[in-house]
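Peer 1: Okay, here's the structure, questions in a sec.
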Amino acid sequence: MSTSNLDIARQQLLTPAGIGDDDLNKVLGRMLGYSVDSGDLYFQSTRLESWVLEDGIVKEGAHNIEQGAGVRAISGEKTGFAYSDEIILPALLQASTAARAIAKRGGEGQLQAWQAQEPRLLYQPIDPVTGMSASEKVGLLQQVDAEARRQDARIKQVVVSMAGVHEVVLVVSSDGTLAADVRPLVRFNVSVIAEHKGRREQGSAGGGGRSEYTFFTEEDRALGYAREAVRQALVNLEAVDAPAGPMTVVLGPGWPGVLLHEAVGHGLEGDFNRKGTSAFSGMIGQRVATSACTVVDDGTIRGRRGSLNVDDEGTESQNTVLIEKGILKGYMQDKLNARLMGVQSTGNGRRESYAHLPMPRMTNTYMLAGEHVPEEIIASVEKGLYAVNFGGGQVDITSGKFVFSASEAYLIEKGKITSPVKGATLIGNGPDVLKRVSMVGNDLELDSGIGTCGKEGQSIPVGVGQPTMRIDSLTVGGTNTE
Amino acid sequence: MIAGYVMSKHPVVENNDELPAQSQLDDIVGLILAEATSQGASAADAGVSVETGLSVTVRLGEVETLEYHRDQALGVTVYFGNCKGSASTSDFNEQAVRESVQAACDIARYTSEDDCAGLADAELMAREIPDLDLYHPWGLSAEQAIDRALDCESAARELDTRITNSEGATLSSHVGLRVSGNTHGFAGGYRSSRHSVSCAVIGEQDGQMQRDYWYAAARDSGDMSSAADVGRIASERTLRRLGSRSLKTREAPVIFAAELASGLFGGFISAVRGGSQYRQSSFLLDYLGKQVFPEFMHIHEQPLLKKAMGSAPFDAEGVATRPRDLIRDGILESYVLDTYSARKLGMQTTGNAGGVHNLTIDHGPNDLRGLMKEMDTGLLVTELMGQGVNIVTGDYSRGAAGFWVEGGEIQYPVDEITIAGNLREMFLNIVDVGNDVDLRGNTRTGSVLVEKMMIAGNS
């Protein structure tokens, strides 16, 4: 058998400082000695590189290395946290002293014997940064730039960027968890400006996943991003003012699943529900969507941007049903919130880095396919909006109000897609919006691997997806009231 | 105060306000530059920073998290003639520094010749580093920080029985030291501090839940409103949102409350930034000398303001910062440029590598009430959602919440609406800027009244 992730992680994170199992025991033991219920250590090393092409030349490249360890002590609902960007024993002991300061008085914490897990591999432990030579990387960027420019003479500016991350994590917890993960992540983006008769519009496209850079040369993916960015910019050159007011909205498949992420995803994260601050608090078992809607959060899809072999608490990622045929089934949990709510972690404990605390976070969130062909859904709309591409979104967890901003949309008139309209923000109410989903397509797609989710200042890679979907009424924030 | 939290029984690490001596970071900058030169770079630029502090969050009268922060980073940019490479790391040991410089040099071997790449001109470097009075450590122990956060949250929760839940109150206190240098011989550094207290509470009425928040932030804790005031204001803001409803789609005047108006001017800065200009990605392309705002408006930068949140003696390239006008009598006087974008445009850097410093919008005599009287009927926006601002076209469409105003008085709270327009027109349609200036951030503006926008709602 080849070297396991655990071996790789020990080798990279612990061996250089001569830290052994006894030392880890000592650090955890010191915390529990102060009657902390549980504690964990999170070791992480990340290497990131990025390349940017602009004006037809590769202008910039950057390289970043970070490593460190986070020490967390939990006592009831309290969390003490400290971290160090040096992985050495004295720094770990100092951090554990700081973290345990949270505990009130003598406690029950017990150190469990570690049980190393060897989970299934959803992606290979590769380092994308070293997987392709620098001249090949530069060549790929140039090839994509040329592809974008040759599409249309109206393309005036092209910016192409490519980034790769190699991340190694090791989690040791007083509950007996000993787990490691080696996570590659690559990302490619093309953005273009098209100009015609004094009007300028942009288009952008990209993708990526837990893979290596060859992902972009396979199936000509990177060239496809160039063509897609150009197509969007040219469509936007023709766009008329977007309508304003409530109307029927049909969302295209794939990335428009950002609706699910904002409208229901965040509201179903365990922390908000434990605290009762979510518009979905206490609604398990209730109808929150039409029976056409089944929504899952699935961290187990091979190679996806939001996938994880184990989460940042060492729990295997899962496929968690959030909404089944319209009924709210479950929340996404990390260990802390799961324990306080009397359930099991769903493998959604994620953190931006060793310097941040884990929280319940999404992985790949999507709606399962329905029975309608997409053409039938469009044809069913007398007058409405067909939105196929979005920028991003945001949600107010408590009131349930959410927005997401269309970057490519069309009018639907008498069952036909007609003029493209300018970008507009769509706004709705999370607990209501899926109750207005009257048709779900049979064309489930996941996004191309571009999503980043921000929560309490922490950014992590996520995925979304959905089939074509008809929402009977949603407020469109355009400027045209005709 | 919620009693019963005993921290002193155990050895407690006090808030560590200790920063390394500047000479230590100077040495690292020196090592980076020497290493870059010895690896063959013709020019190099280095920055090293250390930040330390703590943050505590209390919720429902109990401590929820206590976090100790210590972050350090170093960055290097090397030039081999006109080819550029960059690298950064959190590891300060000599071996890691060498490897980072090596990584930057390796990249520079593959980037292209670019006439405009390089350090800023030597004569623009900051020579004297003025003391801008930015460093005021608070010196709170974790216990004291927790007490203040508890004061804040209890003031919020005790205000009204409709406040039924809380996301908590957070106190955070950080100090930092930043040192920069380059192969022109520039070397400079300064310490700074940043403290904040914030609170978010949830109110409930007739089955509707609403949340709002408030915060105080300053370089010097003595310049901040009290923790209890922050809690009380957070609570008042939540309460006044209870009973929110949507609006009917209509065109109406809009007031952007001061705490949101900075975002409008953020759109302006994005459009006049050198990068947006040379990439032709701006709705204000080639607007130098043209009218962007109404004639009564003046916008300027005050980088050397004592104690202010956006002050800095030099920019990210070591260029001395200086006060200057961006908008005079509504006319665009200057772009916002770093060295690279300036050279692309055939201009000189404006000392804005890394952004603007204390962007200041001059205001009239009216307070927010005065603005509402002036508006008479329209929308007061107190929250915006989403990213719907297109800097290439100026198209603007965002989710909003706030209050419907008639006869200059608030009538009822509104949410689940959008406001839309085009920034170019919105800027020209600004009617007044209030004197209720928000000093907590890098943009210093009062509330802004815009003559008309399209409001979409579902009722």
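The values are calculated or read from the model by the stated rules, or taken from the named source; none is laboratory data. Computed from a predicted structure; not experimentally measured. Every residue, glycine as well, gets a Cβ built from its backbone with ideal geometry; the counts of neighbours run over all protein chains shown.
Peer 1: Report whether or not residue A:95 is within 8 Å of chain B (Cβ to nearest Cβ), touching a Ser or Thr at 6+ places or on another chain (Cβ under 7 Å) and either more than 22 Å from residue A:164 (Cα to Cα) or not β-branched (Val, Ile, Thr) (or both).
Peer 2: Details: within 8 Å of chain B (Cβ to nearest Cβ): yes; touching a Ser or Thr at 6+ places or on another chain (Cβ under 7 Å): yes; either more than 22 Å from residue A:164 (Cα to Cα) or not β-branched (Val, Ile, Thr) (or both): yes.
When the stated conditions are applied, residue A:95 passes them.
Peer 1: Would you tally the residues in region B:23-53 being assigned to a strand (DSSP E or B) and either touching a helix residue (DSSP H, G or I) at 6+ places or on another chain (Cβ under 6 Å) or more than 25 Å from residue A:83 (Cα to Cα) (or both)?
Peer 2: Narrowing region B:23-53 to residues assigned to a strand (DSSP E or B): B:43-53.
Okay, now just the ones that are also either touching a helix residue (DSSP H, G or I) at 6+ places or on another chain (Cβ under 6 Å) or more than 25 Å from residue A:83 (Cα to Cα) (or both), so B:43-46, B:48.
The number of residues fulfilling the criteria is 5.
Peer 1: In region B:61-100, which residues are in contact (Cβ under 8 Å) with a residue 60 or more places away in the chain, more than 10 Å from chain A (Cβ to nearest Cβ) and farther than 29 Å from residue B:169 by Cα?
Peer 2: B:94, B:97, B:98
Peer 1: Name the single residue, out of those in region B:392-413 being in contact with a strand residue (DSSP E or B) (Cβ under 6 Å, 6 or more places away or on another chain) and of a type in the set (S, T, N, Q), that is surrounded by the fewest Cβ atoms within 10 Å (Cβ to Cβ).
Peer 2: B:411
Peer 1: Go through region A:410-446 and count every residue that is over 17 Å from residue B:418 (Cα atoms) and at pLDDT 95 or above.
Peer 2: So in region A:410-446, the residues over 17 Å from residue B:418 (Cα atoms) come out as A:410-420, A:431-432, A:434-446.
Subset that is at pLDDT 95 or above: A:410-420, A:434-446.
Matching residues across region A:410-446 total 24.
Peer 1: In region A:174-190, what residues are surrounded by fewer than 23 Cβ atoms within 10 Å (Cβ to Cβ), in a strand (DSSP E or B) and either modelled with pLDDT under 95 or touching a Gly at 6+ places or on another chain (Cβ under 9 Å) (or both)?
Peer 2: Those that are surrounded by fewer than 23 Cβ atoms within 10 Å (Cβ to Cβ), in a strand (DSSP E or B) and either modelled with pLDDT under 95 or touching a Gly at 6+ places or on another chain (Cβ under 9 Å) (or both): A:177, A:178, A:185, A:187, A:189.
Every residue, every condition in (1) at the interface with chain B (Cβ under 7 Å from one of its Cβ atoms); (2) under 17 Å from residue A:165 (Cα atoms); (3) surrounded by fewer than 21 Cβ atoms within 10 Å (Cβ to Cβ), yes or no:
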{"site": "A:85", "(1), (2), (3)": "yes, no, yes"}
{"site": "A:99", "(1), (2), (3)": "no, no, no"}
{"site": "A:119", "(1), (2), (3)": "no, no, yes"}
{"site": "A:132", "(1), (2), (3)": "no, yes, yes"}
{"site": "A:139", "(1), (2), (3)": "no, no, yes"}
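Peer 1: Answer with yes or no whether residue B:345 is surrounded by fewer than 18 Cβ atoms within 10 Å (Cβ to Cβ) and of a type in the set (A, V, I, L, M, F, W, C).
Peer 2: Details: surrounded by fewer than 18 Cβ atoms within 10 Å (Cβ to Cβ): yes; of a type in the set (A, V, I, L, M, F, W, C): yes.
When the stated conditions are applied, residue B:345 passes them.
Peer 1: Additional query: Test of understanding: among B:185, B:222, B:181, B:118, which residue is assigned to a strand (DSSP E or B), assigned by TED's automatic domain parsing to the domain that holds residue B:57 and modelled with pLDDT of 95 or more?
Peer 2: Working: B:185 fails: assigned to a strand (DSSP E or B); B:222 fails: assigned to a strand (DSSP E or B); B:118 fails: assigned to a strand (DSSP E or B).
Only one candidate qualifies: B:181.
Peer 1: Would you point out the residue of region A:311-351, among those that are of a type in the set (Asp, Glu) and surrounded by fewer than 20 Cβ atoms within 10 Å (Cβ to Cβ), that is farthest from the chain's Cα centre (by Cα)? Even if it seems obvious, please write down each step before you answer.
Peer 2: Step one: of region A:311-351, the residues of a type in the set (Asp, Glu) are A:311-313, A:316, A:324, A:334.
Keeping just the survivors that are surrounded by fewer than 20 Cβ atoms within 10 Å (Cβ to Cβ) gives A:316, A:324.
Working: A:316: 17, A:324: 22 Å.
Going through the qualifying residues, I end up with A:324.
Peer 1: Restricting to region B:86-126, what's the tally of residues that are small (Gly, Ala, Ser) and closer than 19 Å to residue A:46 by Cα? Before the answer, list the steps.
Peer 2: Here is the first cut: in region B:86-126, the ones small (Gly, Ala, Ser) are B:86-88, B:90, B:96, B:100, B:103-104, B:108, B:112, B:117-118, B:120, B:122, B:126.
This time we only want the ones that are closer than 19 Å to residue A:46 by Cα, so: B:86-88, B:90, B:96, B:100, B:103-104.
Total meeting the criteria: 8.
Peer 1: With a cut-off of at least 1 residues that are hydroxyl-bearing (Ser, Thr, Tyr) and at pLDDT 90 or above, name the strands (runs of 3 or more DSSP E) lying wholly within region A:38-116. Reasoning before the result, please.
Peer 2: Details: elements: A:38-54, A:57-75, A:78-84.
The qualifying strands (runs of 3 or more DSSP E) are A:38-54, A:78-84.
Peer 1: Does any residue of region B:266-286 turn out to be within 14 Å of chain A (Cβ to nearest Cβ), surrounded by fewer than 23 Cβ atoms within 10 Å (Cβ to Cβ) and over 30 Å from residue A:155 (Cβ atoms)?
Peer 2: no
Peer 1: Now for a separate question. So, restricting to strands (runs of 3 or more DSSP E) that lie completely within region A:194-306, which ones have at least 1 residues that are within 14 Å of chain B (Cβ to nearest Cβ) and basic (Lys, Arg)?
Peer 2: Numbers: elements: A:199-209, A:244-251, A:295-298.
Strands (runs of 3 or more DSSP E) meeting the threshold: A:199-209.
Peer 1: Just checking, how many residues over region B:70-83 are crowded, with 19+ Cβ neighbours inside 10 Å and in contact with a strand residue (DSSP E or B) (Cβ under 6 Å, 6 or more places away or on another chain)?
Peer 2: Residues meeting the conditions: 8.
Peer 1: How many residues does region B:371-381 hold that are out of contact with any Asp or Glu (no Cβ under 8 Å at 6 or more places or on another chain) and surrounded by fewer than 19 Cβ atoms within 10 Å (Cβ to Cβ)? Give the derivation first.
Peer 2: Kept after step one, since they are out of contact with any Asp or Glu (no Cβ under 8 Å at 6 or more places or on another chain), are these residues of region B:371-381: B:373, B:375, B:378-381.
If we keep only those that are surrounded by fewer than 19 Cβ atoms within 10 Å (Cβ to Cβ) too, we end up with B:373.
Count: 1.
Peer 1: Only residues that are on the phi > 0 side of the Ramachandran plot and acidic (Asp, Glu): list them for region A:9-55, please. Before the answer, list the steps.
Peer 2: Step one: list which residues in region A:9-55 are on the phi > 0 side of the Ramachandran plot, which gives A:18, A:35, A:55.
If the condition is that a residue be on the phi > 0 side of the Ramachandran plot and acidic (Asp, Glu), then A:55 is the only one that fits.
Peer 1: If you don't mind, another one. Determine which member of the set B:159, B:134 is aliphatic (A, V, I, L, M) and closer than 26 Å to residue B:311 by Cα. Lay out the reasoning, then the answer.
Peer 2: On the way: B:159 fails: closer than 26 Å to residue B:311 by Cα.
None of the other options fit; the residue is B:134.
Peer 1: Out of all the residues in region A:7-18, is one or more part of a helix (DSSP H, G or I) and acidic (Asp, Glu)?
Peer 2: We begin by selecting, within region A:7-18, every residue part of a helix (DSSP H, G or I); these are A:7-17.
Applying the additional criterion that residues be acidic (Asp, Glu) yields A:7.
Looking through region A:7-18, at least one residue is part of a helix (DSSP H, G or I) and acidic (Asp, Glu).
Peer 1: Given the structure, is residue B:389 under 24 Å from the mean Cα position of the chain (by Cα), closer than 19 Å to residue A:241 by Cα and within 14 Å of chain A (Cβ to nearest Cβ)? Step through it out loud before you land on a result.
Peer 2: Numbers: under 24 Å from the mean Cα position of the chain (by Cα): yes; closer than 19 Å to residue A:241 by Cα: yes; within 14 Å of chain A (Cβ to nearest Cβ): yes.
Yes: the conditions hold for residue B:389.
Peer 1: Report, by residue number, each residue of region A:377-398 that is surrounded by fewer than 23 Cβ atoms within 10 Å (Cβ to Cβ), closer than 25 Å to residue A:264 by Cβ and not hydrophobic (A, V, I, L, M, F, W, C).
Peer 2: If the condition is that a residue be surrounded by fewer than 23 Cβ atoms within 10 Å (Cβ to Cβ), closer than 25 Å to residue A:264 by Cβ and not hydrophobic (A, V, I, L, M, F, W, C), then A:380, A:389, A:391, A:392, A:394 are the ones that fit.
Peer 1: Right, residue B:167: closer than 18 Å to residue B:66 by Cα and not assigned by TED's automatic domain parsing to the domain that holds residue B:358 or not? Show your work before the answer.
Peer 2: Details: closer than 18 Å to residue B:66 by Cα: yes; not assigned by TED's automatic domain parsing to the domain that holds residue B:358: yes.
In short, yes.
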